[in-house]
Amino acid sequence: MSNIQFGSVSAADRSELADEQAQAIVDLLCNSSIELSTNGEAAIREGAAILPSGMSVYVPKMPRQTLTDKLVQIALLRQYGLKPIPHVVARQLTSAQQLREFLQLATNSYGVSRVLVIGGDDAASAGPFADAAAVIASGILVEAGIREVDVAGYPDGHPQIPSGVLCADLEAKVSLAADQGLGLNVVTQFSFSPERVAEYCRDLADIAPAVPVFAGLAGPTSPTQLLRFAKICGVGTSLRAANKLGLDALKLATHSSPDKQFEILARRTAAQGSGNLTGVHLFSFGGFVTSAGWLDDKARRAGLGS
């Protein structure tokens, strides 16, 4: 861990803050998750040997893949002792029946109890669901035995959706999930500005104080890969935000690991609190096994082992 500058506080206060930051690191790691970035059994097996048993692994849905294609990865993750959390992309669903059949297989055969529901980037819906809220409102998740639903959070905003609409949409999802007895979590898009993520979490606590937030971090990868994914994900604006916050945006943008972002999140949590921030979610842009290794290393350094 890098040395943290506490300014002109006393030695006792520095010790207390250091203890609080150490605890924040432990808490964030104990509630961490990772995104799968491979179809290969060998990589899943290798990653599972590194990660703690039962860790949540998100299974993304690519446009050309069917939901049934994802069942292979879900089965492998469960086979190797991990907890699969599949993505459900609203605008890619062709029918309510397609969603029912997928969820029935996922829950009955592989013990899936939690999904991430997103609207998707498709310009038009392939079926009856215009957005994530429509999927939740359908009641199909509860009908299939899903107990928790995750939705996306956007610390840097969304390139096509005004902030007011994003806020209203999230409030609607929180209400819909509560009405159906579904647990709801927010998983944020990754950002080059961890300070902005912490600010987002505090703001969200005013709207939905009981909703856990998992801060997205870009896993270890090359600068070229990171900036390419940032452009795809629409988070490039956070480079400007980082500059405004007085951070070294260039270092954040060209990192080879998320150490700096993670450290800042832990420091802010210890010093000021960060609303509903519960854990971190690692986007494995540089590979599933590489990201699993980073999580394992951080856990060992924090005294958690793996």
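In the neighborhood of ALA96, defined by Cβ-to-Cβ distances under 15 Å, what is the net charge if each Lys or Arg adds +1 and each Asp or Glu adds -1?
-1
How large is the dipole of the stretch 21-301 about the Cα centre if only Lys and Arg carry +1 and Asp and Glu carry -1, each at its Cβ, rounded to the nearest 20 debye?
Charge dipole of the stretch 21-301: 480 debye, to the nearest 20.
Note down the net charge around VAL135, summing +1 for each Lys or Arg and -1 for each Asp or Glu among other residues with Cβ under 15 Å from its Cβ.
In short, -3.
Once phi is turned into θ = phi - 60°, what whole-Hz ³J(HN,Hα) does the Karplus curve with 6.51, -1.76 and 1.60 give for every residue of the stretch 24-40, x standing for Gly and Pro?
4, 4, 4, 4, 5, 5, 5, 10, 8, 8, 9, 9, 6, 10, 8, 9, x
Among the listed pairs LYS83/LYS298; LYS70/LYS173; LYS61/LYS83, give every one whose C-alpha distance is greater than 22 Å.
LYS70/LYS173
Taking the mean number of other Cβ atoms within 10 Å as a proxy for protection, how do you rank 257-270, 192-205 from highest to lowest?
So the order, starting with the most tightly packed, is 192-205, 257-270.
Give me, ordered by chain and number, the residues 5 or more places off VAL88 or on other chains with an amide H under 5 Å from its own placed amide H.
Result for VAL88 returns LEU116, VAL117, ILE118.
Quick check: net charge around LEU116, other residues with Cβ under 11 Å of its Cβ, Lys/Arg +1 and Asp/Glu -1?
Overall, the nearby charge balance is -1.
Give me, ordered by chain and number, the residues 5 or more places off LEU217 or on other chains with an amide H under 5 Å from its own placed amide H.
Close amide H contacts, sequence-distant or interchain: HIS281, LEU282, PHE283.
Bear in mind these aren't lab numbers, they're just calculated from the coordinates by the rules spelled out. These figures come from a predicted structure and were not determined experimentally. We place every Cβ from the backbone using ideal geometry, glycine too, and count neighbours over all the protein chains shown.
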